[in-house]
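The values are calculated or read from the model by the stated rules, or taken from the named source; none is laboratory data. Quick caveat, the model's predicted, so the values are computed rather than measured. Counting neighbours? That spans all protein chains shown, and the Cβs are built from the backbone with ideal geometry, glycine included.
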Amino acid sequence: MNVLHVIANPRPAETSSSKKLALEFFMTLTEKNPDVIVNNVDLYQNKPPFVTAEALNYFWGAVADPAYIPSKAEETAANYSNNNAQALVDADVLVLTLPVWLNSMPSILKAWLDQVIVPGKVFNMTPEGAIPIHHLRTVVLLVSSDEIYKEGDVLDGLTPDIRAIFGFIGVDDIQIAWADGQNTIRHFDSVERFDLAAEAAREIAEEVAEMA
Ligand SMILES: Cc1cc2nc3c(=O)[nH]c(=O)nc-3n(C[C@H](O)[C@H](O)[C@H](O)COP(=O)(O)O)c2cc1C
């Protein structure tokens, strides 16, 4: 089983709650299933560019016109996508490690999604809608936030977005371990909240380890 781990957090593991959740998750996963293959992608080490007009032509040109042939400039604009989308196509499970920023995902993660979830690579566009051409089954979110809120709260702009993006390509199984209330000055129970999220991360890892 292939697990793609995408890290969208610039902070070092020693001071990052979401990266500590990732440590708990992957320790459990590899202990329960030593055969799992983990591909770690740190977006701050390999930064996705913003999509340009040339890249859009490359991604969507063949959808509009099957005879479309990309120009050299359009091909170059799609370099990041061409070099990085395959990792998602190869994955059975995608793990996203991230903090909540402005009630949503860090923009570097959105930039990566814009580059890799493109037609012809991850889905085919038909008159009936998007048809998946990947075998991703589950997306796991390992999240941290200062405020006390989780999925379903009016302030949560993260999980509706993630559910909509992956629902579009046919993935509805979204598992979440969320360490909220991580601001230790304002929340006396930050440690307990982290421990609960770590337990959730380990439980999700056990379920993923059992996936065939
Ligand atoms: C730019 C920025 C925006 C943030 N926005 C929010 C927010 O909207 N809601 C929240 O609860 N915490 C917010 N935070 C706090 C982080 O989510 C929190 O510190 C989290 O624990 C960081 O994760 P990490 O420890 O894994 O780096 C923000 C932090 C930064 C730097």
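Observations
- Search result, residues across segment 104-131 that are surrounded by fewer than 15 Cβ atoms within 10 Å (Cβ to Cβ), modelled with pLDDT of 95 or more and either more than 16 Å from the ligand (Cβ to nearest atom) or not in a helix (DSSP H, G or I) (or both): ASN124, ILE131
- Failed item, numbered, when ALA8 is tested on (1) more than 14 Å from the chain's Cα centre (by Cα); (2) closer than 17 Å to LEU113 by Cα; (3) small (Gly, Ala, Ser): (1)
- Among residues of segment 21-60 being more than 30 Å from GLU206 (Cα to Cα) and either exposed (fewer than 15 other Cβ atoms within 10 Å of the Cβ) or at pLDDT below 95 (or both), the one that is farthest from the chain's Cα centre (by Cα) is ALA53.
For every residue, the table says whether it meets (1) farther than 28 Å from SER190 by Cβ; (2) part of a loop (DSSP other than H, G, I, E, B); (3) among the hydrophobic types (A, V, I, L, M, F, W, C).
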{"site": "LYS20", "(1), (2), (3)": "no, no, no"}
{"site": "GLU31", "(1), (2), (3)": "no, no, no"}
{"site": "LYS47", "(1), (2), (3)": "yes, yes, no"}
{"site": "ASN57", "(1), (2), (3)": "yes, no, no"}
{"site": "GLY61", "(1), (2), (3)": "yes, no, no"}
{"site": "ALA67", "(1), (2), (3)": "yes, yes, yes"}
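- So ALA85, is it farther than 30 Å from ILE148 by Cα, over 18 Å from the mean Cα position of the chain (by Cα) and either away from the ligand (no atom under 12 Å from the Cβ) or crowded, with 20+ Cβ neighbours inside 10 Å (or both): no
- Residues of segment 144-196 satisfying the condition of being of a type in the set (Ser, Thr, Tyr), over 17 Å from the mean Cα position of the chain (by Cα) and not in a loop (DSSP other than H, G, I, E, B): SER190
- In this entry, ASP114 passes the filter for residues that are of a type in the set (D, E, K, R), touching a Pro at 6+ places or on another chain (Cβ under 9 Å) and closer than 30 Å to TYR149 by Cα.
- Residues of segment 132-143 satisfying the condition of being part of a loop (DSSP other than H, G, I, E, B) and either surrounded by fewer than 14 Cβ atoms within 10 Å (Cβ to Cβ) or within 15 Å of the ligand (Cβ to nearest atom) (or both): HIS135
- Qualifying residue in segment 62-78 (condition: farther than 27 Å from GLU147 by Cα, touching a strand residue (DSSP E or B) at 6+ places or on another chain (Cβ under 7 Å) and touching a residue at least 12 places away in the same chain (Cβ under 8 Å)): yes
- Residue selected from segment 1-18 under the condition free of Cβ contacts under 8 Å to residues at least 60 places away in the same chain and not in a loop (DSSP other than H, G, I, E, B), by the criterion nearest to the ligand (Cβ to nearest atom): THR15
- Matching residues, segment 88-103, being of a type in the set (Val, Ile, Thr) and surrounded by fewer than 22 Cβ atoms within 10 Å (Cβ to Cβ): VAL89
- Any hit, segment 24-46, residues being within 16 Å of the ligand (Cβ to nearest atom), touching a residue at least 60 places away in the same chain (Cβ under 8 Å) and hydroxyl-bearing (Ser, Thr, Tyr): yes
- Taking residues in segment 97-115 that are on the phi < 0 side of the Ramachandran plot and hydroxyl-bearing (Ser, Thr, Tyr), and partners anywhere that are assigned to a helix (DSSP H, G or I) and surrounded by fewer than 19 Cβ atoms within 10 Å (Cβ to Cβ), the pairs with Cβ atoms closer than 9 Å and at least 6 places apart or on different chains are SER104/LYS110; SER104/ASP161.
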